[in-house]
């Protein structure tokens, strides 16, 4: 959510607070303050260990990953799965300490990768998730159809009055999600000299509510948004082309004046768990699905209001040919 940046929603993009019902359904636990020493040694790793702990990011697409992985670990491989809802940087710290065994959707955290993967070697790469993420600025298609030049950032000031709200102080508003997301939008606005102001909805859910309301009333709006996201199947959005992303253009957060990159989403495992986690570790390394498959489960959770467990069960029953390839040989 959200939900890419070199420091990232710490959403990139996006850390959104999950609805209480979703958190409860996933059995979210609070991370203990007295965690293991920072050695990277998972306290649950080992071929005979039957408990796996996964972090649950707060955006629904990542919840779909955890729900399906947990369902299969429990029902096909006989593991007990615990889940912990953590902010993205906290999740990396917990992964390094062994308080969490795996992160199943990471949008890019170069600082943590360098610290834990390259230097401490307490975390290892778990492979591609199979989903490519992208963050950008979007407007509704009905507005872009009426004003085709709005899709070029150079013309945004021309439409600032259309995006203005009572809270934007006469500037055009760009709707953001959670303030926990790490975005470059304030820097982009400043460095491109745009007549815009960010407004945080507070969470992914609140941002979705606002977008749906604007769309229902056919009002113009500009929003920070991302793909994949299940709402894209219901609200037709068109991306505003920011200056093209080039390697290193976001290296200094205060100086960013470019768009966001395409980001193949990654999995990471606690190093000890990756080595000694038996079938659970092998399964999580094998876990790989498409954007469409993730969106299918996310839509059931967020829009159809199924519990994550129920959504996972439904998807698993309908997609045996896919998940069978993830099971250890």
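For region 86-103, give me the residue count where each residue is crowded, with 21+ Cβ neighbours inside 10 Å and assigned to a loop (DSSP other than H, G, I, E, B).
Residues in region 86-103 being crowded, with 21+ Cβ neighbours inside 10 Å and assigned to a loop (DSSP other than H, G, I, E, B): 5 in total.
Of the residues 281, 271, 312, 257, only one is buried (at least 21 other Cβ atoms within 10 Å of the Cβ), modelled with pLDDT of 95 or more, over 17 Å from the mean Cα position of the chain (by Cα) and within 30 Å of residue 205 (Cα to Cα); which?
312
Does residue 76 satisfy the criteria of being surrounded by fewer than 21 Cβ atoms within 10 Å (Cβ to Cβ), closer than 26 Å to residue 307 by Cα and touching a strand residue (DSSP E or B) at 6+ places or on another chain (Cβ under 8 Å)?
It is false that residue 76 is surrounded by fewer than 21 Cβ atoms within 10 Å (Cβ to Cβ), closer than 26 Å to residue 307 by Cα and touching a strand residue (DSSP E or B) at 6+ places or on another chain (Cβ under 8 Å).
Taking only pairs six or more apart or across chains, which ones have beta-carbon atoms under 9 Å, a first residue in region 142-168 that is over 19 Å from residue 237 (Cβ atoms), and a second residue that is in a helix (DSSP H, G or I) and modelled with pLDDT of 95 or more?
154/192; 158/149; 158/150; 168/160
Between 304, 294, which is assigned to a helix (DSSP H, G or I), within 30 Å of residue 77 (Cα to Cα) and in the same structural domain as residue 78 (by TED's automatic domain parsing)? Explain how you work it out, then say what you get.
Working: 304 fails: assigned to a helix (DSSP H, G or I).
Just a single option satisfies the conditions, and that option is 294.
Considering only residues that are closer than 21 Å to residue 297 by Cβ and outside any helix (DSSP H, G or I), which ones fall in region 61-85?
Passing the criteria: 76, 77, 79, 81, 82, 83, 84, 85.
Which is in contact with a strand residue (DSSP E or B) (Cβ under 6 Å, 6 or more places away or on another chain) and surrounded by fewer than 14 Cβ atoms within 10 Å (Cβ to Cβ), of 161, 141, 154, 199?
Working: 161 fails: in contact with a strand residue (DSSP E or B) (Cβ under 6 Å, 6 or more places away or on another chain); 154 fails: in contact with a strand residue (DSSP E or B) (Cβ under 6 Å, 6 or more places away or on another chain); 199 fails: surrounded by fewer than 14 Cβ atoms within 10 Å (Cβ to Cβ).
Sole residue among the options that is in contact with a strand residue (DSSP E or B) (Cβ under 6 Å, 6 or more places away or on another chain) and surrounded by fewer than 14 Cβ atoms within 10 Å (Cβ to Cβ): 141.
What number of residues within region 45-96 satisfy the criterion of being at pLDDT 95 or above and more than 13 Å from the chain's Cα centre (by Cα)?
25
The values are calculated or read from the model by the stated rules, or taken from the named source; none is laboratory data. Remember, predicted model here, so these are calculated numbers, not experimental data. No Cβ is skipped: glycine too gets one built from the backbone with ideal geometry, and neighbour counts run over all protein chains shown.
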